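Asker: Please read through the structure below; I'll follow up with questions.
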Number of protein chains: 2
Amino acid sequence: MAETSRISAGSATAINVGLLGLGVVGTGVAAKLLSQDASLSELTGRQVKLKKVLVRDFARARDVELPDGVLTIDAEDILADPDVHVLVEVMGGTDPAENYLRRGLAAGKHVITANKEVMAKSGPELLALAQDNGTNLLFEASVGGGIPIVGCMMNALAANDIRSIRGIINGTTNYILTRMAHERTSFQQALGEAQGLGYAEADPANDIEGIDAVYKLTILASLGYRQSFQPDDVYCEGISKLEPQDFRYAEELGYAIKFLAIANLDGAAVQLRVYPAFVPAEHMLAKVDGVYNAVEVNGSLCGQVLFHGMGAGREPTTSAVIGDLIEVIRRAGDSGSPGYVQDGVEVKKLTPLKVRPIGDLQVRYFIRLEVADTPGVLAQIAQVLGDGQISIAAVLQRDTNPETKSAEIVIITHPAQEASVQKALEVMARLPQVNRVSNTIRIEE
Amino acid sequence: MAETSRISAGSATAINVGLLGLGVVGTGVAAKLLSQDASLSELTGRQVKLKKVLVRDFARARDVELPDGVLTIDAEDILADPDVHVLVEVMGGTDPAENYLRRGLAAGKHVITANKEVMAKSGPELLALAQDNGTNLLFEASVGGGIPIVGCMMNALAANDIRSIRGIINGTTNYILTRMAHERTSFQQALGEAQGLGYAEADPANDIEGIDAVYKLTILASLGYRQSFQPDDVYCEGISKLEPQDFRYAEELGYAIKFLAIANLDGAAVQLRVYPAFVPAEHMLAKVDGVYNAVEVNGSLCGQVLFHGMGAGREPTTSAVIGDLIEVIRRAGDSGSPGYVQDGVEVKKLTPLKVRPIGDLQVRYFIRLEVADTPGVLAQIAQVLGDGQISIAAVLQRDTNPETKSAEIVIITHPAQEASVQKALEVMARLPQVNRVSNTIRIEE
């Protein structure tokens, strides 16, 4: 079966696409493939035909009108059809999507996927499978929607040793944080607004707990460092603990709070983390607002390159999927050969990079505490930090509440080790004068 | 000769690079190719060897140590050598660079160039020559230094109809404008500083008059609209007329002044222009400071995607050149076939896009006038604008100078037609009460 799915020779033959999934993104892809504009054939020298679309049920209303006979509820109509040359998977989730991708690659089909979960968990393995079968597996749409970050990490920036990748790669959470920063709303209120606008799902855990960002960072880090990382390698904290006060202090201190996904090289190890962080207000990442995404790549030659754009949505993601489709067809050419096959992610290294545990992190910290408004509290807190070799860069004391006799203390530390800071926070939390360690936010310069 | 320069089959054979030029960029490329890091061979599966480097004289001191026998002052040592598989041209200028590029392509060599002038003037022709010879011509380094904008325009964003491209694509002028904005220095002073820091050349005309930006915009527009534009198609005004007052008013009115290169679709025509413009302070382009470059692409699917990074310099440009080199070698694979050949720029269109004359431009204008401080002046000016169907959005009158009995008037117009505005400015300049039309700056929202 493998050979029969090859794009055949001669520009007269159409390229047949099998589309798996007809949700938000699938509808955009189908609409573009069915549109009467001639750009795809102009760009590729081939007719491109949407042959079959896999859906879960026939009856559902669609935003796109499909020709008779294109819809199917049987995946075999696509997977087992040797005349489907390119598989486009926009179903999401691992099951059954991953199995479909494997079958497509094994059958010699080129595969395009928007599936961040599958690519994060099994990307390197699937890329190796593609290479073994002389086919291409492209996945620009899996990270950053309309921002061409995946292709750039694989190709245009390949000359660089990557020092760091820092991204705002989840639009839902960036919308929520932008609202909290500009309107000083509570997290719950901002989340509700995001849900009302369709930016957040009814069950928002995947976004706000950082699972989505962890998948995307895993993909970017694997590409950037050319070895296989797993989602479990990424330390992750979500955004639900943030309070309006954090945003007030951030602004006062010259920072924005952004939900960052970071991979950075530290000696022979990589640190991988996703959490809300203070970012200097003048930094480009601090200026990424609303549902926009951005990724900043710091390379040994290119320096800091920042990509900014729409990280989700029907049309931006369609831009990425169709861009991959054009690439696949151009690579195949009209020679009948499988064409240039993208390398797998992994490069054989003498010493693979280790993942550095979060306890080794060295950054500055913003610590906000609610304390009893009595003399000597600050001295006690300073003592705890001093014992942990954590030096203090600034202290703010504010908001004394005469009723509860409590006050708010904010401490900015000099760079300190995460493990020491966590230990100090535990000790502080046990001090009788400390009512609450309200929040601890890392500062990324 | 054509066939003998092909990258030959089998991964055992090294890829030989011939480097034309050993200036700032050439030195970076040579250093990377000579470095002992294994990344290039890991990424391409091939040994990459710097075989020859063309220089003008042997004696000059170099920042890179070359093995014996690599330097040559005779271009034939590279052009006529069938064992040079890839030509990297970083000489700049059209003569003799363009001739060398043509000879390389005709001989079946893959060609990588950083030459914006040649690519702006002859790019589509050279790409067609490459295609005819089954070789690749890549030119990522010709625009935006370390920012991978050229490749993205050709490939990742290819699914989009391009609505507009707006860029800050000259680092020298952006440095000067940033200094003028932040320090309120004069143009001459900021230029002197830029020269002192090596950001501007002794003869700065190429940068400050916009010639460099015109070349780069011509390349981006030709890629974005897939037809051949020429530098002459671009309307251009340099930055030397800007005065500190312009920056003061810009800030007061909520704008930054940026030297923009813009291509935008307007019906069946494209408007191409390079000039200093007011940009809303909250726009990402307004936040591009110093020698950084940025390009914002507005596509029918992707929406606004912004690329930001170092637009020049040894290492960022080397990142682009080596990225192209990796791409060329990957495309060739180890099959011995020429591999996937990049399409030419031009796509056959039923109706090629016209270039719209600058007189047709419709934007808002900032007009600054020095007038006699006498009653009725503003009424006269308003009359002239009214006669030209130009409506006024705001007027500021300031800086009355009792000694010269003159005042400064600033007018912000609603969107108006360039031709009408230019005509009105001529009439205004002839009014006896108008001492000087100090500046006219277009506003790009």
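Asker: Please compute the net charge surrounding B:E403, taking Lys and Arg as +1 and Asp and Glu as -1 over other residues with Cβ under 15 Å from its Cβ.
Answerer: Spelling it out: positives minus negatives among the neighbours equals -3.
Asker: Next question. Measuring label to label, 7 Å along Cα→Cβ, what does B:L253 give against each other copy in nm, shortest first?
Answerer: Going from nearest to farthest copy, the values are 3.9 nm.
Asker: About the Cα centre of the protein assembly as shown, what is the dipole size in debye to 20, counting +1 per Lys and Arg Cβ and -1 per Asp and Glu Cβ, all else neutral?
Answerer: Dipole of the protein assembly as shown, to the nearest 20 debye: 320 debye.
Asker: Sticking with this one: How would you classify the protein assembly as shown from its alpha-carbon gyration tensor, with a ≥ b ≥ c the square roots of the eigenvalues: rounded for a/c under 1.5, else prolate if a/b is greater than b/c, otherwise oblate?
Answerer: rounded
Asker: Turning to a different aspect of this structure: Kindly put B:V427, A:V88 in sequence by how many other C-beta atoms sit within 10 Å of each C-beta, fewest to most.
Answerer: Result, fewest neighbours first: B:V427, A:V88.
Asker: Would you pull out the residues with amide H under 5 Å of B:V270's amide H, same chain only if 5 or more places away, H placed 1.01 Å from N?
Answerer: B:K354, B:V355, B:R356
Asker: To the nearest whole number, what is the average tally of beta carbon atoms from other chains within 10 Å of the beta carbons of peptide A:289-301?
Answerer: Numbers: counts 2, 0, 0, 4, 0, 3, 0, 2, 3, 0, 5, 6, 15.
Mean inter-chain Cβ contacts per residue within 10 Å come to 3.
Asker: Assuming R0 = 60 Å, what is the FRET efficiency of A:Q131 and B:A281, from their Cβ-Cβ distance, to the nearest 0.05?
Answerer: With R0 = 60 Å, the Cβ-Cβ based efficiency is 0.80.
Asker: Compute the long axis of helix A:116-132 from its Cα atoms, compare it with the longest principal axis of the Cα atoms of chain A, and write down the angle in degrees, 0 to 90, nearest 10.
Answerer: Compared with the principal axis, the helix lies near 40 degrees.
Asker: Using the number of other C-beta atoms within 10 angstrom as an exposure proxy, rank A:T185, A:T404, B:T178 with the fewest first.
Answerer: A:T404, A:T185, B:T178
Asker: Can you list which of the GluC sites (Glu not before Pro) found in the stretch A:39-125 are DSSP loop residues with at most 12 other C-beta atoms within 10 Å?
Answerer: Sparse-neighbourhood loop GluC sites (Glu not before Pro): A:E65.
Asker: List, shortest first and in nm to one decimal, how far the label point of A:G23 (7 Å from Cα along Cα→Cβ) is from its counterparts in the other copies.
Answerer: 5.2
Asker: Roughly how tilted is helix B:377-387, in degrees to the nearest 10 and between 0 and 90, from the longest Cα axis of chain B?
Answerer: Rounded to the nearest ten degrees, it is 60.
Asker: Now for a separate question. If I build a Gaussian network model for chain B, linking alpha-carbon pairs within less than 10 angstrom, which residue out of B:G69, B:G104, B:G388 has the largest mean-square fluctuation?
Answerer: Among B:G69, B:G104, B:G388, the largest GNM mean-square fluctuation belongs to B:G69.
Asker: Could you work out the helix-only [θ] at 222 nm for chain B, with each DSSP H run of four or more residues adding -39,500 (n - 2.57) and the total divided by the number of residues, to the nearest 500 deg cm²/dmol? Provide the component values of the computation, followed by the final result.
Answerer: Working: 13 runs with 143 residues, N = 445.
Calculated mean residue ellipticity at 222 nm is -9500 deg cm²/dmol.
Asker: Let me ask another. Can you give me the distance in nm between label points at B:Q195 and B:D77, each placed 7 Å from the Cα along the Cα-to-Cβ direction?
Answerer: Using points 7 Å along Cα→Cβ, the separation is 3.6 nm.
Asker: Does the stretch A:149-310 classify as rounded, prolate or oblate by the C-alpha gyration tensor (a ≥ b ≥ c root eigenvalues; a/c under 1.5 gives rounded; else a/b over b/c gives prolate, otherwise oblate)?
Answerer: In terms of gyration-tensor shape, prolate.
Asker: Additional query: For chain B, just say rounded, prolate or oblate: build the C-alpha gyration tensor, square-root its eigenvalues into a ≥ b ≥ c, call rounded for a/c under 1.5, and beyond that prolate if a/b exceeds b/c, oblate if not.
Answerer: Prolate.
Asker: List the aspartates and glutamates whose Cα sits under 20 Å from the Cα of A:K423, skipping any in the same chain fewer than 8 residues away.
Answerer: Straight-line reach from A:K423, under 20 Å: A:E237, A:D360, A:E370, A:D387.
Asker: Given A:I149, A:I219, A:S420, which one lies farthest toward the positive end of the charge dipole of chain A, if we put +1 on the Cβ of every Lys and Arg and -1 on the Cβ of every Asp and Glu?
Answerer: Of the candidates, A:S420 comes out farthest on the positive side.
Asker: For label points placed 7 Å from Cα toward Cβ, what is the shortest-first list of nm distances from B:G69 to its copies?
Answerer: Taking the point 7 Å beyond Cα along Cα→Cβ, the inter-copy spacings are 6.7 nm.
Asker: Another question, if that's okay. For labels at A:K354 and A:V70 in the simple 7 Å Cα→Cβ model, what's the distance in nm?
Answerer: Taking the two extended label points, one gets 5.4 nm.
Asker: Let me ask something else about it. With a 10 Å Cβ neighbour count serving as the proxy for reagent exposure, in which order, fewest first, do A:L79, A:L138 appear? Please list the in-between numbers first.
Answerer: On the way: A:L79 22, A:L138 26.
With the sparsest Cβ surroundings first, the list reads A:L79, A:L138.
Asker: Give the separation of the Cα centroids, the stretch B:377-436 to the stretch B:213-240, in Å.
Answerer: Their Cα centres are 31 Å away from one another.
Asker: What list of ³J(HN,Hα) values in whole Hz, one per residue of the stretch A:142-148 in order, does the Karplus curve 6.51 cos²θ - 1.76 cosθ + 1.60 (θ = phi - 60°) give from phi, with Gly and Pro shown as x?
Answerer: Along the stretch A:142-148, the couplings run 6, 9, x, x, x, 8, x Hz.
Asker: Quick one: putting +1 on the C-beta of Lys and Arg, -1 on the C-beta of Asp and Glu, what dipole do you get for the stretch B:138-255 around its Cα centre, in Debye to the nearest 20?
Answerer: 380 debye
Asker: Taking the simple approach of a point 7 Å from Cα along Cα-to-Cβ for both A:R56 and A:Q422, what is their distance in nm?
Answerer: 3.8 nm
Asker: On to the next question. Pairing the Cα long axis of helix B:187-196 with the longest principal axis of chain B, what angle in degrees results, from 0 to 90 and rounded to the nearest 10?
Answerer: Helix B:187-196 sits roughly 20 degrees off the main axis of chain B.
Just so you know, all these numbers are worked out from the coordinates, no wet-lab data involved. Since the structure is predicted, the reported quantities are computational estimates derived from the model, not experimental observations. Counting neighbours? That spans all protein chains shown, and the Cβs are built from the backbone with ideal geometry, glycine included.
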